[in-house]
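Single-structure report; data block below.
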Amino acid sequence: MGNNSYNADSITVLEGLEAVRRRPGMYIGSVGYKGVNHLLYEMTDNAVDEHLAGFCKNITVIFHKDGSAEVRDDGRGVPVDMHKMGVSAERVIYTTLHAGGKFDQNAYKVSGGLHGVGSSVVNALSEFLDVQVHSGGRIFHDRYERGIPTIELTNGLLPIIGKAKDTGTWVTFKPDPEIFGEHTFKISSIKSRLHEIAYLNPALTIYYKNEREGEEEEAVFSEPEGLAGYMKELNKGKETVSEIIKFSGRSEGIEADVCIQFNKSFEENILGFCNNIFNGEGGTHITGFKNRFTQLINSYARELGILKEKDENFTGADTRNGMTAIVCIRHPDPLFEGQTKTKLGSADAAKAVNAITNEQLPLYFDRNLEELKNIIACAERSARIRKAELKNKANMLTKPKFSFDSNGKLANCESRDASKCEIFIVEGDSAGGSAKTARDRKYQAILPIRGKILNVEKATMDKVLANAEIKTMINTFGCGFSEGYGNDFDITKLRYDKIIIMADADVDGAHISTLLMTFFYRFMPELIQEGHIYIAMPPLYKVSPSKGEELYLYDDAALSKYRKTHKSGFGLQRYKGLGEMNAEQLWETTMDPDRRLLKRVEIEDARMADQMTGLLMGSDVEPRRNYIQENATFATLDV
Ligand code: 1YM
């Protein structure tokens, strides 16, 4: 095929990219900051694929001042030679939707959803995209605007703009405001993702640089210890009761790396990854691992005489009491399902991980009997408490408390139509009082909580359940809880469509929100997954101009914007806490469904909160203060 056939095809090519621009959500999920981040992840995924193919060791990610991002890798460079379409292969890769051709031969591609079509999707949704390919001693250049090439080719090939000593691909792109409005990269999420990629790929180094005004910083993510390093991070500040156990294997064309360590907490924290993608909703790989682990522990416990003939088996939850684990698989053709398509659904993954665990873990236990005994002791402890709890729990949780202002605390709403009801969890009695006055009694319930709720990260299960605030929350929501001792959670019983955390817009408020998110993440994760948890966004400022209307401003960015248009002649009031607002103001700014701003808590926020509580509750005051101040506004809006 010659040039003409590409020209003819190029019409359909552009139509393809136009389809992406018309329905961006279909390709990248959202047009909020998550969509913007997704563009970056598509680019880094391509670079990570090149690493997995064995050709790239370093990836650089730079956020430029103009809102663009640049990703560089030192791989082979995107192919620039003539493609059968009659133009440089690079053009085909960036302009056609299914240019994953060669990629499909890679056994394991990272791309969780787009399977190599990523580059063209990013191109279609970018105001501009600039490519430099370093290969064969030369630098090739290409550029696009909203997916349309702006560089003229010579005989179908790219211009050469210089000599290169290295090889690799450098791509700079700017997410198109026509698609994403004002949304830009959420860099805190990107940084944790880059760090995660470094843990999952121990031979890869990732350089990160932010050049955006006021945000300048640099970091290097390199984790040669891999999953073991990740485990150390996850268990930081916890008292461990076993070594880090690591094993790997291959079964049915699926590779798995598993890392396990027990600590003295009573919780279970198992992270699943498939092809470098975090599976927030778990999936078959985790199920396969859990099932086999429980079977192994039970059979060892019997073999060692710890479980007698008359004893019943440990439950799955017993055997995972105090377990942190990372299950990381590579699958040639994974299937994702669930609310957010982050749950691994491939049935063969369960079988494979089950088989690999069964083959590898006994090799470790047979050589490390003491470790095995420590781990069985965790299961025994859990079983003991479970039996004691069973009696206790019956007393604690069966009494339905659903009355008006029970304990003098909950002010319930009148309606029993859960789909219309919402509950505000308010810190402090005084703010709680204003909220009770301000609310719409028909649909809005108020649950004041006193002080800081127990840090569920640190507390043992029995303490958690004995805590008054937590008991009240479990009773009030109506759907039980899930952790450890059997899963009693039933989301269909939820009495409120929205559970809204309302805390001060300051350091302590951020802390309380973090603790509550950790609680939900641990005990009622489905509430987050199904989108029932929100954070209320009280205003930070009220401006009162000498003429014109008073205005509430919700963040510092809004204030600087306001200052630009109103040089002087306005009063400025800064709200430090909810308590400073009277009931009417509280209603207008934070509670009225027609005017308020709510931020829906995503499982990612909660996962970060979960990892943050260690930091927040630790004894190091200084890093904690820094963290909270940097992140007091972590609830960025994605509306
Ligand atoms: C900053 C983004 O895209 N790097 C990259 C992409 C490719 C290659 C190398 C590559 C792959 C292969 C052969 C192969 C791509 N290749 C293709 C296609 N970095 C970035 N680095 N040679 C080079 O997979 O066989 C698409 S992307 F289509 F050619 F395979």
| query | Counting residues that are at pLDDT 95 or above and of a type in the set (G, A, S), which strands (runs of 3 or more DSSP E) fully inside segment 184-253 reach at least 2? | reply | 217-222, 245-251
| Inter-residue pairs, beta-carbon under 7 Å, first under 19 Å from G54 (Cα atoms) and in segment 66-81, second of a type in the set (D, E) and more than 8 Å from the ligand (Cβ to nearest atom), 6+ apart | D74/D166; V78/E90; P79/E90
| said: Under 9 Å between Cβ atoms, which residue pairs at least 6 apart in sequence (or on different chains) link something in segment 275-296 that is over 25 Å from M608 (Cβ atoms) with a partner that is aromatic (F, W, Y) and part of a helix (DSSP H, G or I)? | reply: L296/F365
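Of everything in segment 73-87, what is more than 17 Å from G137 (Cα to Cα) and within 11 Å of the ligand (Cβ to nearest atom)? Give them in sequence order.
The answer is H83, and nothing else.
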| task | Kindly indicate the residue of segment 343-374 that is under 25 Å from the mean Cα position of the chain (by Cα) and open to solvent by 40 Å² or more (accessible area, probe 1.4 Å) and also nearest to T284 (Cα to Cα) among those meeting that condition. | result | A347
| note | By residue number, the members of segment 299-321 that are without any contact (Cβ under 8 Å) to a residue 60 or more places away in the chain and either open to solvent by less than 10 Å² (accessible area, probe 1.4 Å) or hydrophobic (A, V, I, L, M, F, W, C) (or both) are L307
| Going by the structure shown, is G67 open to solvent by 10 Å² or more (accessible area, probe 1.4 Å), within 16 Å of the ligand (Cβ to nearest atom), among the small types (G, A, S) and not in a helix (DSSP H, G or I)? | no
| task | Give just the number: which of (1) open to solvent by less than 40 Å² (accessible area, probe 1.4 Å); (2) within 15 Å of the ligand (Cβ to nearest atom); (3) not aromatic (F, W, Y) does S189 not satisfy? | result | (2)
| message | S568 - would you say it is of a type in the set (S, T, N, Q) and open to solvent by 80 Å² or more (accessible area, probe 1.4 Å)? | response | yes
| said: Just checking, does segment 27-40 include any residue being aromatic (F, W, Y), at pLDDT 95 or above and open to solvent by less than 20 Å² (accessible area, probe 1.4 Å)? | reply: no
| query | When you go through T287, T324 one by one, which is the residue that is crowded, with 21+ Cβ neighbours inside 10 Å and within 22 Å of the chain's Cα centre (by Cα)? | reply | T324
| query | Looking at this structure, is H38 closer than 14 Å to T205 by Cα and either in a loop (DSSP other than H, G, I, E, B) or within 16 Å of the ligand (Cβ to nearest atom) (or both)? | reply | no
| request: May I ask you to list pairs of residues, at least six apart or on different chains, whose Cβ atoms are under 9 Å apart, with the first in segment 355-380 being assigned to a helix (DSSP H, G or I) and the second being open to solvent by 80 Å² or more (accessible area, probe 1.4 Å) and among the hydroxyl-bearing types (S, T, Y)? | output: none
| Filter pass, I206 being over 30 Å from E70 (Cα atoms) and surrounded by 20 or more Cβ atoms within 10 Å (Cβ to Cβ) | no
| task | Pick out the one residue from A536, A510, A505 that is touching a Pro at 6+ places or on another chain (Cβ under 6 Å) and either surrounded by 20 or more Cβ atoms within 10 Å (Cβ to Cβ) or touching a residue at least 60 places away in the same chain (Cβ under 8 Å) (or both). | result | A505
| query | Tell me, which residue of segment 146-163 that is surrounded by fewer than 18 Cβ atoms within 10 Å (Cβ to Cβ) and among the aliphatic types (A, V, I, L, M) is nearest to the chain's Cα centre (by Cα)? | reply | I148
| message | Among (1) at pLDDT 85 or above; (2) under 26 Å from the mean Cα position of the chain (by Cα); (3) of a type in the set (A, V, I, L, M), there is one condition A609 misses while meeting the rest; what is its number? | response | (1)
| Of the numbered conditions (1) in contact (Cβ under 8 Å) with a residue 40 or more places away in the chain; (2) in a helix (DSSP H, G or I), I329 satisfies every one except a single condition; which is it? | (2)
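The values are calculated or read from the model by the stated rules, or taken from the named source; none is laboratory data. Here the structure is a predicted model, which is why all the values come from computation and not from measurement. Every residue, glycine among them, receives a Cβ derived from its backbone with ideal geometry; neighbour counts consider all protein chains shown. Protein only, heavy atoms only, side chains kept; ligands, DNA and RNA dropped before computing areas. Shrake-Rupley method; radii C 1.70, N 1.55, O 1.52, S 1.80 Å.
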